[in-house]
Amino acid sequence: MIIQDKVAFVTGGAQGIGRAICEALLKKGAKVIIADIDAAKGTSTTSELATEYADNVTFIECDVTNQESVEDTLGKAKDTYGRLDIISNNAGAMMENDPIGTINLNLCGVIRVAAVAMSYMRADKGGSGGIIINTASLTGVKPSYNCPAYCASKSGVIGFTRSFAMNPDFDLHKVRMNCLCPGHLQWLMYS
Ligand SMILES: NC(=O)c1ccc[n+]([C@@H]2O[C@H](COP(=O)([O-])OP(=O)(O)OC[C@H]3O[C@@H](n4cnc5c(N)ncnc54)[C@H](O)[C@@H]3O)[C@@H](O)[C@H]2O)c1
Ligand SMILES: CCCCC/C=C\C=C\[C@H](O)C/C=C\C/C=C\CCCC(=O)O
């Protein structure tokens, strides 16, 4: 895909891997919406990036565990730059003390954002097609007894991605889906 002038929506883009994704996309000429639950961090990150990328980066507060918030944010994102081409479904956390919350954030959040984004991106419904990239994890393919709920959520993301991607309806909607499976990173490097 040619990134120049495409519009990207990055969940969990305020810091860490999401911020790195935002920076990489901006460097290649995309317009980027940072969608994050952390309004303070999202605003400060956006201000920092705007010194180089000006109006090409915008922050919108978003909670991917909340359907209304996801609908509202994606609607505002479409209104801001007029289209949606790239979704980085990246927001996530490891919270083994809250296993159901972990599934709701890491797996249901990905499915929720993808479903709403599809309503804007589908080529057969007025969109231009595009790509949805989900951030899974190495733990989605390699189980770890330390974090069973996290592993389950990331295995689910991989299963969702593989199933979506093999759907023959691609010829109609023109939206590809992939996922990333990073290994362990220093996620506190921005804090
Ligand atoms: N750091 C690693 O080693 C590593 C490895 C593999 C995969 N991952 C995955 O990569 C993704 C990013 O991880 P990271 O290390 O950059 O984490 P991070 O904690 O640095 O950043 C996560 C971001 O997501 C946001 N977020 C949390 N809950 C949210 C919600 N409900 N709605 C919207 N935004 C929300 C946070 O505010 C934060 O800005 C996660 O899905 C994580 O599971 C991380
Ligand atoms: C602040 C929360 C953000 C989420 C990041 C926290 C943890 C991230 C975890 C990664 O997804 C872990 C990825 C790979 C780990 C490597 C190997 C797993 C197996 C380890 C083992 O067998 O002991």
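Where a number appears in this text, it was derived from the coordinates with a stated rule and is not lab data. The model shown is predicted, which means the values in this text are computed figures rather than measured ones. Heads up, the Cβs are rebuilt from the backbone with ideal geometry, glycines too, and the neighbour counts pull from every protein chain shown.
Side notes on the structure shown:
- For region 24-66, the tally of residues that are out of contact with any helix residue (DSSP H, G or I) (no Cβ under 7 Å at 6 or more places or on another chain) and among the acidic types (Asp, Glu) stands at 4.
- Residue list for region 1-53, restricted to those being within 26 Å of Gly127 (Cβ to Cβ) and without any contact (Cβ under 8 Å) to a residue 12 or more places away in the chain: Ile2, Ala24, Lys27
- Taken over region 91-106, the criterion of being under 17 Å from Leu138 (Cα atoms) and within 10 Å of ligand 1 (Cβ to nearest atom) is satisfied by Ala91, Gly92, Ala93, Met94, Met95, Thr102, Asn106.
- Taking region 81-102 as the range and being without any contact (Cβ under 8 Å) to a residue 60 or more places away in the chain and not small (Gly, Ala, Ser) as the test, the residues that pass are Met94, Met95, Glu96, Asn97, Asp98, Pro99, Ile100, Thr102.
- Unique match (being more than 19 Å from the chain's Cα centre (by Cα) and under 25 Å from Gln15 (Cβ atoms)) among Ala91, Ala149, Ala114: Ala149
- Counting the residues of region 138-185 that are out of contact with any Phe, Trp or Tyr (no Cβ under 9 Å at 6 or more places or on another chain) and assigned to a loop (DSSP other than H, G, I, E, B) gives 16.
- Any hit, region 156-163, residues being surrounded by 16 or more Cβ atoms within 10 Å (Cβ to Cβ), within 16 Å of ligand 2 (Cβ to nearest atom) and under 24 Å from Val7 (Cβ atoms): yes
Okay, residues lined up against (1) more than 20 Å from Arg162 (Cα to Cα); (2) more than 16 Å from ligand 2 (Cβ to nearest atom):
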position	(1), (2)
Asp72	yes, yes
Arg83	yes, yes
Ile86	no, yes
Met95	yes, no
Leu105	no, no
Arg112	no, yes
Tyr120	yes, yes
Thr135	no, no
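- Inter-residue pairs, beta-carbon under 8 Å, first in contact (Cβ under 8 Å) with a residue 60 or more places away in the chain and in region 129-152, second part of a loop (DSSP other than H, G, I, E, B) and within 8 Å of ligand 2 (Cβ to nearest atom), 6+ apart: Thr135/Gly92; Thr135/Pro182
- Here Gly130, Gly140 are screened, and the one residue that is over 16 Å from the mean Cα position of the chain (by Cα), more than 16 Å from Thr65 (Cβ to Cβ) and crowded, with 16+ Cβ neighbours inside 10 Å is Gly140.
- Of all the residues in region 151-180, those that are closer than 24 Å to Asn97 by Cβ and out of contact with any strand residue (DSSP E or B) (no Cβ under 8 Å at 6 or more places or on another chain) number 6.
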